[in-house]
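S.K.: This is the structure I have questions about; it appears just below.
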Amino acid sequence: MFFQSTFSHLATALDARVIAGLSMMLFGAAMVLAVGFTPLAEVHNTTHDTRHATGFPCH
């Protein structure tokens, strides 16, 4: 009985971490796409400069 409740608790914690991780990846992808394709030149250029400053290649 002890092992069953412990494993179910660990499975629930793991499920929560997986859901949180996938949610953050989806949110990050949405933000990159939203800012990358925005028609506002200031926002796009700021993001572009930030990518260069952090060392991410973009073109």
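Throughout, read-outs are computed from the coordinates displayed, never taken from laboratory work. Please read all numbers here as calculations on a predicted model, not as lab measurements. Here Cβ is always computed from backbone atoms with ideal geometry, including for glycine, and neighbour counts include all displayed protein chains.
S.K.: Return the sequence-ordered ³J(HN,Hα) values of segment 48-55 in whole Hz as given by the Karplus equation 6.51 cos²θ - 1.76 cosθ + 1.60 applied to θ = phi - 60°, using x for Gly and Pro.
M.R.: 4, 5, 5, 4, 5, 5, 8, x
S.K.: For the pair Ala20 and Phe37, how long in nm is the line joining their label points, each one 7 Å along Cα→Cβ?
M.R.: According to this spin-label approximation, the distance is 3.1 nm.
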